[in-house]
Structure formats: C-alpha cells, structure tokens
Amino acid sequence: VPQAITKGEPATLVDLDSDLGTDADVALSTLFTNIDSVSAGADGQAGEIAYTFAASGFANLEAKTASGEWKAVTVTADGATVTGATDDGTAFVVSIADGKVVFDQQMVMKHAGSDTPHEADADALDLGTLSLTARITDKDGDYKEATNTIALKVTDDVPQAITKGEPATLVDLDS
C-alpha cells in the first residue's frame, strides 16, 4: 500500500494584466509537502504520480481579444489542464510543468467597474478556484491521494495618476 501524500498549504496564484509574458507558479512540493519522497511501498510504484485538476467558481468572466473586443470566457478542465477561452482564442491556461503548477494568462481580464487600482492581491479579480489531486498508485492497484486548492486571481493594470507639477513662469525677453 502506498504511503499517504501529505497536503500542504492552499495556494493563490496572482497574475498581472500588465505583464502577460510572466507566468505565476507554485511548486508541487508546496501543495503536497512529501511529493518528492512519497513511496508506493513494497509493491512498487505503477507509473508517475498522477495529477488531476477540477475547476469551480468560474463565472461571468470576460477577456479582451486581439481585436480589442471584450468576450465571454468559458472555462474547461480536462484533468491535465484548465483552460479559459473566448471564441477568439485562449485567455489563460493552468498546467503542470517542471514540478510546478503554472498560471499562463494570455489575455487581459475584465475587472468589474471600480475606480480604484486592483494592485493589492486582496483586491485582485477572483477568477475561480482549482482543486488539484495528486495520486500515487502501486503495481497491484492500491492508491493514496490528497487534494489541495489553488485560487486564481488577476491584478488590474490601471493608468497611473498624473501628478501636478509646479506652475511655470513665463518671461518675455523681447521687452
């Protein structure tokens, strides 16, 4: 019988509308503290540790397409990835790569009408919550699994305030 997988701390991945080229990530070892050392027991491990995503709470999301239009985002989870997409393309993808859960935002997300910047993580747009299950299976089919949650958020890229400078003094040199 495999050893139990130990659940770590829930995670929050925050991406920035202003920096679509940089992905947010969290290590699998943060979500499951013994994932790098868990054992399948005397029967031996059957394949790799399997990871499965499920998505919940994703509603009323819109993304700005390349043509500048705001379009509804549909979120799907196929187990291995979670994808948010409009009918014009991918808004974001969550996947596992190199021992990390990676949140790749590819379109700007619409933030509900607010006059304040969403720069602080607590004020970021909540996209929804993912459940990630890790399962280790031994060669005779016994398994142990653990599930942890990952909140997805996006901070808004608002215009910077224009600051008032000192008044100018004009001098007429022709007089």
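The values are calculated or read from the model by the stated rules, or taken from the named source; none is laboratory data. Here the structure is a predicted model, which means the values were calculated and not measured. All Cβ positions, glycine included, derive from the backbone under ideal geometry; neighbour counts span all protein chains shown. When the accessible area is computed, the model is the full protein with side chains, heavy atoms only, and any ligands, DNA or RNA have been set aside. Shrake-Rupley method; radii C 1.70, N 1.55, O 1.52, S 1.80 Å.
For SER37, what accessible surface area do you get with a 1.4 Å probe? Give it in Å², rounded to 10.
Around 80 Å² of this residue is reachable by solvent.
Quick one: how many Å² of THR52 are accessible to a 1.4 Å probe, rounded to 10?
70 Å²
If the reach is capped at under 20 angstrom between alpha carbons, list the lysines near LYS153, excluding any in the same chain fewer than eight residues apart.
List returned: LYS64, LYS71, LYS100, LYS110.
What GluC sites (Glu not before Pro) in the stretch 1-101 are in a loop by DSSP, with at most 10 other Cβ atoms within 10 Å of the Cβ?
Filter output for the stretch 1-101: GLU48.
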